[in-house]
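Worksheet for the structure shown next.
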Amino acid sequence: MQSTHLSPSTLLYEGKAKQLFLTNDPQVLWVHYKDDATAFNGQKFDRLLGKGVLNNLISAQIFNDLADFGIPSHFINRVSDTEQLVSRVEIIPLEVVVRNVVAGSLAKRIGWAEGRRLQEPIVEFYYKNDDLGDPLLTENHIELLELATTHEITDLREQALKINDFLTKRFDKVDLQLIDFKLEFGRQSNGSLILADEISPDTCRLWDRKTNEKMDKDRFRRNLGGLVEAYQEVWNRLDKGKDA
């Protein structure tokens, strides 16, 4: 964990799991991970002590791992148990979802049982709009809404699949299956796209490779309990396996 001369000032944005603050550097934001757990577009809510610490640790570690693999992100460094610094970008209002195994909404949408492995990963795009319920979009819809250009859509898909390839192997080393996950990207000042937001058990479906036990936010969605304990186990495995 590195020291910094920066400090948070004005609250810029508050989401379901994080707060973003301005700093004295206009190109750097201060992120605070909250203990809040939400599901179903905020309809289900709880506050779980320790969740913010774990998501901050896990996301920081994965961003560092991806950087070593040659995939940059907005992440700069972790500055406290629940806080990190990130580069300021213009967030593209799309959730890019990569699916390796049938689960969640895909199982309901196509009528397949959860746990069925796909022959190849599927990339889906969802409109980040709470009022509309974050609907699934086709590429034509994305262009119609002017959310991203054709070139950017191609770039998002390629980056998402590259990240999926790395993360699948990274989690497999610590006996976790990457079932599916959500990514967000932002535009830098030069117009190029870069990975943003977070990568944690809040945004990834992770199942124990031996038992298929759920180690992610589905523990909260489905009233399974033990969410913080599951996140702690994910962190313990990643931390022990980072040099493997």
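The values are calculated or read from the model by the stated rules, or taken from the named source; none is laboratory data. Everything quoted here is computed from the prediction, not taken from an experiment. Reconstructed Cβ throughout: ideal geometry from the backbone, glycine too, with neighbour counts over all protein chains shown.
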Open item on the list: I'd like to verify a number: residues in segment 66-109 that are of a type outside the set (Ser, Thr, Tyr) and under 27 Å from Ala39 (Cβ atoms), how many?
Closed with: 27
Open item on the list: Leu156 - would you say it is surrounded by 16 or more Cβ atoms within 10 Å (Cβ to Cβ), farther than 25 Å from Ala37 by Cβ, touching a strand residue (DSSP E or B) at 6+ places or on another chain (Cβ under 7 Å) and at pLDDT 95 or above?
Closed with: yes
TODO: Name, by its number, the condition in (1) surrounded by fewer than 20 Cβ atoms within 10 Å (Cβ to Cβ); (2) assigned by TED's automatic domain parsing to the domain that holds Thr154 that does not hold for Val28.
DONE: (2)
TODO: Answer yes or no: is there a residue in segment 93-107 that is of a type outside the set (S, T, N, Q), touching a residue at least 40 places away in the same chain (Cβ under 8 Å), out of contact with any helix residue (DSSP H, G or I) (no Cβ under 9 Å at 6 or more places or on another chain) and in a strand (DSSP E or B).
DONE: yes
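Step by step: first the residues of segment 7-18, then only those that are buried (at least 18 other Cβ atoms within 10 Å of the Cβ) and of a type outside the set (D, E, K, R), then the one that is farthest from Lys51 (Cα to Cα). Which residue is that?
By that ranking, first place goes to Pro8.
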Open item on the list: Tell me which strands (runs of 3 or more DSSP E) are completely within segment 1-71 and hold 3 or more residues being more than 15 Å from the chain's Cα centre (by Cα), or say none if there are none.
Closed with: 11-14, 18-22, 28-33, 44-47
- [ ] Kindly indicate which of Val89, Val28 is touching a Leu at 6+ places or on another chain (Cβ under 8 Å) and β-branched (Val, Ile, Thr).
- [x] Val28
- [ ] Take Gln2 and decide whether it is at pLDDT below 95 and either surrounded by 15 or more Cβ atoms within 10 Å (Cβ to Cβ) or of a type outside the set (Phe, Trp, Tyr) (or both).
- [x] yes
Open item on the list: Here is a check on your reading of the model: is Arg78 in contact (Cβ under 8 Å) with a residue 40 or more places away in the chain, touching a Leu at 6+ places or on another chain (Cβ under 6 Å) and crowded, with 18+ Cβ neighbours inside 10 Å?
Closed with: no
Open item on the list: If Leu224 satisfies all but one of (1) without any contact (Cβ under 8 Å) to a residue 60 or more places away in the chain; (2) in contact with a Ser or Thr (Cβ under 8 Å, 6 or more places away or on another chain), what's the number of the condition it fails?
Closed with: (2)
TODO: Please go through segment 42-55 and pick out each residue that is surrounded by 12 or more Cβ atoms within 10 Å (Cβ to Cβ) and not aromatic (Phe, Trp, Tyr).
DONE: Lys44, Asp46, Leu48, Gly50, Lys51, Gly52, Val53, Leu54, Asn55
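Ala148 - would you say it is modelled with pLDDT of 95 or more, part of a loop (DSSP other than H, G, I, E, B) and buried (at least 19 other Cβ atoms within 10 Å of the Cβ)?
yes
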TODO: Considering only segment 72-82, state which residues are part of a strand (DSSP E or B) and not aromatic (Phe, Trp, Tyr).
DONE: Ser73, Ile76, Asn77, Arg78
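Please work out which residue is surrounded by the fewest Cβ atoms within 10 Å (Cβ to Cβ), limiting yourself to segment 188-244 and to residues that are of a type in the set (Gly, Ala, Ser) and closer than 28 Å to Pro72 by Cα.
Ala244
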- [ ] List every residue pair whose Cβ atoms lie under 6 Å apart, where the two residues are 6 or more positions apart in sequence or sit on different chains, the first residue falls within segment 131-143 and is acidic (Asp, Glu), and the second residue, located anywhere, is assigned to a strand (DSSP E or B) and modelled with pLDDT of 95 or more.
- [x] Asp134/Tyr126
